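Values quoted throughout were computed directly from the atomic coordinates according to the rules given, and no laboratory measurement underlies them. These figures come from a predicted structure and were not determined experimentally. Cβ: placed from backbone, ideal geometry, glycine included. Neighbour counts: every protein chain shown.
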Amino acid sequence: MNREIEGTQQTVLFYVDDIKLSHRNKKVLLDTAKDLAARYGEIKDLTVTRGDVHNFLGVTLDFRENKKLKIKMDGYVKEVIDEADAKLKTKQRDQAKTPASMVLFKINSTSPELNKKGS
């Protein structure tokens, strides 16, 4: 969500129980956090970061270069690969849950061909 406060855009990103606030003025951010706490209760495990690099839900937002935003997920991707590698080393394999049966890709050669005209 976006809104304008003191002539500058404030952005509020939220996903389930994660939230990211941004605005040029630190007081606006503190006031917003206080308003949220007053309305919804104190925020547990609140982490405040200031500066040009932020992590949000596995995504690194890098504002260090003037007028550019670099978005990276290499840390999160490495974590996923490391976890998968650890499971493979212990021969722990997860099977994806799907409504498809085990015969999904088996071809029945006795089945009649479909109509080529699509009707």
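Cα convex hull of the range 56-115: how many Å³ per residue?
Once divided by residue count, the hull of the range 56-115 is 211 Å³.
Mind jotting down the distance between the C-alpha centroids of the range 47-80 and the range 18-39, whole Å?
The distance from the Cα centre of the range 18-39 to that of the range 47-80 comes to 19 Å.
Computed FRET efficiency, Cβ-Cβ of residue 81 and residue 55, R0 30 Å: what is it to the nearest 0.05?
0.95
For the chain, what does the helix formula give at 222 nm: sum of -39500 (n - 2.57) over DSSP H segments with n ≥ 4, over the residue count, nearest 500 deg cm²/dmol? Walk me through the intermediate numbers first.
Numbers: 2 runs with 31 residues, N = 119.
The helix-only estimate for the chain comes to -8500 deg cm²/dmol at 222 nm.
Once you've got the GNM for the chain with C-alpha springs shorter than 10 Å, pick whichever of 63, 14, 105 has the biggest mean-square fluctuation.
105
Sorted from largest to smallest, which semi-axis lengths in Å does the alpha carbon gyration tensor of the chain give for its equivalent ellipsoid, taking the root of 5 times each eigenvalue?
46, 22, 18
Sum up the charges of everything whose Cβ sits under 12 Å from the Cβ of residue 23, counting Lys and Arg as +1 and Asp and Glu as -1, but leave residue 23 out.
+3
Is any residue of the range 1-27 close enough, with backbone N under 15 Å, to a label point placed 7 angstrom from the Cα of residue 46 along the Cα-Cβ axis, and if so, which?
18-22, 26-27
Based on C-alpha coordinates, I'd like the Rg and Dmax of the range 1-48, in Å.
Final numbers for Rg and Dmax: 10.7, 31 Å.
List the lysines whose Cα sits under 27 Å from the Cα of residue 87, skipping any in the same chain fewer than 8 residues away.
The reachable lysines, counting only those whose Cα sits under 27 Å from residue 87, are 72, 78, 97.
Summing +1 for each Lys or Arg and -1 for each Asp or Glu, what net charge is found among the other residues whose Cβ lies under 10 Å from the Cβ of residue 54?
0
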